[in-house]
1. Just wondering, is there one or more residues in region 229-252 that are open to solvent by 20 Å² or more (accessible area, probe 1.4 Å), farther than 30 Å from Val155 by Cβ, out of contact with any helix residue (DSSP H, G or I) (no Cβ under 7 Å at 6 or more places or on another chain) and of a type in the set (Gly, Ala, Ser)?
2. Considering only residues that are open to solvent by less than 40 Å² (accessible area, probe 1.4 Å), touching a Lys or Arg at 6+ places or on another chain (Cβ under 7 Å) and touching a residue at least 12 places away in the same chain (Cβ under 8 Å), which ones fall in region 101-112?
3. Going residue by residue through region 186-195, is there one that turns out to be among the polar types (S, T, N, Q), crowded, with 16+ Cβ neighbours inside 10 Å and either modelled with pLDDT under 95 or touching a helix residue (DSSP H, G or I) at 6+ places or on another chain (Cβ under 6 Å) (or both)?
4. Would you pick out the residues in region 116-131 that are within 22 Å of Gln215 (Cβ to Cβ), out of contact with any strand residue (DSSP E or B) (no Cβ under 6 Å at 6 or more places or on another chain) and open to solvent by 10 Å² or more (accessible area, probe 1.4 Å)?
5. Quick check on Glu88: is it surrounded by fewer than 24 Cβ atoms within 10 Å (Cβ to Cβ) and touching a strand residue (DSSP E or B) at 6+ places or on another chain (Cβ under 6 Å)?
6. Return the pairs, sorted by first residue and then second, in which the second residue is assigned to a strand (DSSP E or B) and among the polar types (S, T, N, Q), the first residue lies in region 165-187 and is under 27 Å from Glu93 (Cβ atoms), the beta carbons are less than 7 Å apart, and the residues are 6+ apart or on different chains.
7. Being of a type outside the set (Val, Ile, Thr), open to solvent by 30 Å² or more (accessible area, probe 1.4 Å) and more than 30 Å from Lys4 (Cα to Cα) is true for just one of Lys170, Lys162. Which residue is that?
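The values are calculated or read from the model by the stated rules, or taken from the named source; none is laboratory data. The structure presented is a predicted model; accordingly, all values stated were derived computationally and were not measured. Positions of Cβ are generated from backbone atoms using ideal geometry, with glycine treated the same way; all protein chains shown enter the neighbour counts. Areas reflect the complete protein model, heavy atoms only, side chains present, ligands, DNA and RNA absent. Shrake-Rupley method; radii C 1.70, N 1.55, O 1.52, S 1.80 Å.
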Amino acid sequence: MKPKIKAENFDLDEYLNRIGYTGKVSNDGETLLGIATAQTRSVPFENIDVQNGKIISLDPNDIVEKIVKNRRGGYCYELNGLFSLAMEAIGFEYDMLFARPRYGYTERRPKTHMILSVKADDTKYLTDLGFGGYGLRHPLDIGSLGGETVQDNDVYALRSDKKEYVLSVKIDGEFADLYGFDTLPAEWVDYIPANHFNSTSKNTIFTQKLIAIIQTADGRKILIGDELKTIQNGQKTVQKLDKSEITEVLSDHFGIKHSIK
C-alpha cells in the first residue's frame, strides 16, 4: 500500500529520541497514547517562520529537518504531519482529516485545520497534536459521543450536530467549541491551499501574533504576542514581556533557539 506521507530523511529512532519516548513501540493504544503525549510535551506549537514572513514548507523532508534535526516546533500540518510519519513507520492505520476551527471565532471559518483519526485496538481515536491553546492532551475515542472525557486537568466533550462532530473543552467552568470535523479522509496534498492561507492571510492569527505553546505534565505554557501564560494544576499566571525578553523565553520555556527577525 502506498504511504499517505513519506520523507526520505525520517528515522523512527531519531524521532523517538527527539520526543524523549522510551516506551514500547507497537501499533496499539498504549504506544499511541505514549508517543502522542511525548510529542506534545517536547515539540512546541509555534509560528515563528510565519512571523518571519515565510510560507511554511509542506515537503515532509523539510518538516523532519525543522522539527527533528533542528529541534524546532511548528503548527498543525507540521506537527500532525510529523506524527503521521511515525504512524506510517510503526504500522498504524490512520486517516488525515480536515477540521473547521471554531474557538475564538463568531463567523463560520473554512476547514483549514489538520487532524488525524488513528485506529488502535479496534478503536478509532481523534488524534491532534497541533491545535495549540486548549487542544487535546491525548488521543480521544471518536465513539465517546455525549460524555465528558478527563485528560489530566482538562475536560473535553465530543458531540455530533448532524453535519459534523464537534470537539469542545471546558474553560473556566464553561464548555467552548474548539472545532468541527467529519471523517472524510484527506490526502497530504489537500492541505497545500490551507497552509498557504494560514501562512499568508491577514485573516489568520498566525500572521498577526507570535505564538508558542507547549504542554507540560500538569498544564501548559502559552505565549501569545508579549504575554506568557502558565497554567499549572488549573491555576493561571500571566506575565507581560518586554520585546528584549521574548528570545530568552522562547529558549527557556519552549526549547526554541530561534528568534523573531
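1. yes
2. Applying the first criterion (open to solvent by less than 40 Å² (accessible area, probe 1.4 Å)) to region 101-112 yields 101, 109, 112.
In the following step, the residues that additionally are touching a Lys or Arg at 6+ places or on another chain (Cβ under 7 Å) were identified as 101, 109.
Passing the criteria: only Pro101.
3. Kept after step one, since they are among the polar types (S, T, N, Q), are these residues of region 186-195: 195.
Subset that is crowded, with 16+ Cβ neighbours inside 10 Å: 195.
Cutting the leftovers down to either modelled with pLDDT under 95 or touching a helix residue (DSSP H, G or I) at 6+ places or on another chain (Cβ under 6 Å) (or both) gives us 195.
Yes: region 186-195 contains one or more residues that are among the polar types (S, T, N, Q), crowded, with 16+ Cβ neighbours inside 10 Å and either modelled with pLDDT under 95 or touching a helix residue (DSSP H, G or I) at 6+ places or on another chain (Cβ under 6 Å) (or both).
4. Matches in region 116-131: Leu129, Phe131.
5. Values: surrounded by fewer than 24 Cβ atoms within 10 Å (Cβ to Cβ): yes; touching a strand residue (DSSP E or B) at 6+ places or on another chain (Cβ under 6 Å): no.
No, not satisfied.
6. Sorted first by the residue in region 165-187, then by its partner, the pairs are Leu178/Ser168; Thr183/Ser117.
7. On the way: Lys162 fails: more than 30 Å from Lys4 (Cα to Cα).
Lys170 is the lone residue from the list that is of a type outside the set (Val, Ile, Thr), open to solvent by 30 Å² or more (accessible area, probe 1.4 Å) and more than 30 Å from Lys4 (Cα to Cα).
Residue by residue, here is whether (1) open to solvent by less than 50 Å² (accessible area, probe 1.4 Å); (2) touching a residue at least 60 places away in the same chain (Cβ under 8 Å); (3) not acidic (Asp, Glu) holds:
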| residue | (1), (2), (3) |
| --- | --- |
| Leu33 | no, yes, yes |
| Ala36 | yes, yes, yes |
| Asn52 | yes, yes, yes |
| Ile55 | no, yes, yes |
| Glu65 | no, no, no |
